[in-house]
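K.L.:
Structure incoming, see below.
The values are calculated or read from the model by the stated rules, or taken from the named source; none is laboratory data. Since this is a predicted model, take the numbers as computed values, not measurements. Because the Cβ atoms are built from the backbone with ideal geometry, glycine has one as well, and the counts that use them run over all protein chains shown. Quick note on the areas: whole protein, heavy atoms, side chains included, nothing else; ligands and nucleic acids left out. Shrake-Rupley method; radii C 1.70, N 1.55, O 1.52, S 1.80 Å.
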Amino acid sequence: KHGSLLTIMLVIVIIGIIAILGYFGYQWIAVNNIENAAKDAADQFDSQHPTVLVADENGTAVEGTLNGVEVNETESTTKKVMLEGYEVIGTVRIPSISVKYPILAQVTKKSLETAIALLYTEKGLNKPGNTVIIGHNYKNNQFFSKNDQIKKGASVYIKDTTGVELKYIVKDKFEAASSDASFYQSKDYSKTRIILSTCTDDIA
């Protein structure tokens, strides 16, 4: 009798362990699939919009610039890059934390589960004024989960559909209340500023 009871309990424990391992295995596969799809979209964007100029936020040419290339200020007429039904309008690259993602044109629940997105802009990506790019913090190194590791002075590269990639230098890091959008608006519209926004208490 006791042997049968122990056998049943052991079977229940084994089933429970298998279920837990299956759940975490599924989550790991799902996260990797999302990550790979996002990185593929960023690479596709680079292919459709080759880099013609690397400049700082003031428009001054910097590292690796293709000298003598005239930059067309109108958007590229090449085929649009789409990811899960959302248009990719640029890429963000942060070498110091090994991050590169496509920037989606819309902020929705689904788009933020797919990549990062443009939350707010005053004049457009890489244009004078403030632009806010938002991404989830899943605490699993995906999307903007590693934002807290970005140090002041680090370089952030934003590429737009003209093929221009601007190099921004991190000047400040701060926390704001979820209801506080005061930092969206620029005080100096002659400067181009990017704000990378994420939350501090998301869980995977």
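K.L.:
How much accessible area does residue 121 have with a 1.4 Å probe, in Å² rounded to the nearest 10?
P.N.:
About 50 Å², rounded to the nearest 10.
K.L.:
While we're looking at this one, here's another question. On each of the three principal axes of the Cα atoms of region 123-180, give max minus min coordinate, whole Å, ordered largest first.
P.N.:
Here the Cα extents, ordered largest to smallest, are 33, 25, 21 Å.
K.L.:
Return the long-range amide H neighbours of residue 129 (sequence gap of 5 or more, or a different chain), with a cut-off of under 5 Å between placed amide H atoms.
P.N.:
Under 5 Å from the amide H of residue 129 lie the amide H atoms of 191, 192, 193, each far enough along the sequence or on another chain.
K.L.:
With a 1.4 Å probe and every protein chain left in place, tell me how much accessible area residue 193 has, in Å² to the nearest 10.
P.N.:
110 Å²
K.L.:
If you rank 138, 168 by how much accessible surface each has, with a 1.4 Å probe, what is the order from largest down?
P.N.:
Output order, biggest surface exposure first: 138, 168.
K.L.:
Further, regarding this structure: Say R0 is 35 Å: what FRET efficiency, to the nearest 0.05, do residue 52 and residue 24 get from their beta-carbon distance?
P.N.:
0.20
K.L.:
With only alpha-carbon atoms counted, please give the Rg and Dmax of region 94-204, in Å.
P.N.:
13.4, 39
K.L.:
Principal axis extents for region 108-147, Cα atoms only, whole Å, descending order, please.
P.N.:
Extents along the principal axes, in whole Å: 33, 21, 9.
K.L.:
Short version: ³J(HN,Hα) in whole Hz for each residue of region 82-87, in order, from phi by Karplus 6.51 cos²θ - 1.76 cosθ + 1.60 (θ = phi - 60°), x for Gly and Pro, what are they?
P.N.:
10, 9, 6, x, 10, 6
K.L.:
Quick one: 3J(HN,Hα) in Hz for region 159-174, Karplus 6.51/-1.76/1.60 with θ = phi - 60°, rounded, Gly and Pro as x.
P.N.:
In residue order, the calculated couplings are 10, 10, 6, 7, x, 7, 10, 8, 9, 9, 10, 5, 9, 7, 9, 7 Hz.
K.L.:
Right, next: Give the ranking of 6, 119 by solvent-accessible surface, highest area first, calculated with a 1.4 Å probe.
P.N.:
The most accessible residue leads, giving 6, 119.
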